[in-house]
Amino acid sequence: DLSFNATPTTRGAEPLPAEFKNGKTILITEATAGNSVLPDRASEEQRLIQRVKEVLTKKGNVLIPAPSIGRAQDVALALARGGIRVWLGGTTKSVLQSEAFGPEFSHENIVRIECKTAAPLIKHLKPKAVVSSHGMMEFGLSRELAFHWLPDPKNAIFIPSYQAPGTLGHELSLAKTGDVIAFPNHETGAKVLRAAVVRFQLSIHADG
């Protein structure tokens, strides 16, 4: 797959040099988003930054569930460079510390979450923006934070990536305020959705 849009961690693809444009070269590539037209990525990043700032200003928390490799780091760096302090958790933290992401991808506004549970974050009352796995909220820190944060109308869950049918992320992306969201693995079993849920098209794929 490929994308012509540059992201905070990856350069965009470039057209082939002139010597390849002789009619004898064929490139066959997969195209995940080839049947769609996506919004401008830079504009979507700015929209996300603005919405996160609005929630934090109103003393709310923001959860951004994102895939651990690539998408989470892109989102965290975009927010950090936009002047937002970002808490990075789940396996996304381990990926960012791996050899695949060198020192150039570090930022003073990115704070690694060392805890494996949501409890310390929930007790810390200062409003925060958290980027964490699992991207579809099926397990991990993102699911735990969703459980605790979605009943509060000051909070928000901003979804930057694809959500497969049958996942919690997909259910939330279709839910409306007041819907009951099931959490079968918790004692209470369910939560009423009061937080804002917004989709953002931060695709890493080239469109049609």
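The values are calculated or read from the model by the stated rules, or taken from the named source; none is laboratory data. These numbers were taken from a predicted model, which means no experiment stands behind them. Reconstructed Cβ throughout: ideal geometry from the backbone, glycine too, with neighbour counts over all protein chains shown. Accessible surface is based on the protein model in full, side chains and every heavy atom, while ligands, DNA and RNA are left aside. Shrake-Rupley method; radii C 1.70, N 1.55, O 1.52, S 1.80 Å.
Numbers for the structure displayed
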{"read-out": "Tilt relative to the chain, helix 71-81 - C-alpha long axis, 0 to 90 degrees, to 10", "value": "80 degrees"}
{"read-out": "Accessible carbon and sulfur surface of the chain relative to its total accessible area, %, 1.4 Å", "value": "55 percent"}
{"read-out": "Share of pairwise Cα separations in the chain, more than 20 Å, in percent", "value": "58 percent"}
{"read-out": "Sites Glu138 and Glu54 - FRET efficiency at Förster radius 22 Å, r taken between beta-carbons, to 0.05", "value": "0.20"}
{"read-out": "Sorted peptide list for 174-183, 154-163, criterion being average Cβ within 10 angstrom, highest first", "value": "154-163, 174-183"}
{"read-out": "Acute angle (nearest 10 degrees) that the helix 41-57 long axis makes with the longest principal axis of the chain, alpha-carbon atoms", "value": "20 degrees"}
{"read-out": "Estimated inter-spin distance, Ala175 and Ile26, nm [label 7 Å along Cα→Cβ]", "value": "4.9 nm"}
{"read-out": "Two-site label geometry, Glu108 and Ala42: point separation in nm, points 7 Å out along Cα→Cβ", "value": "2.6 nm"}
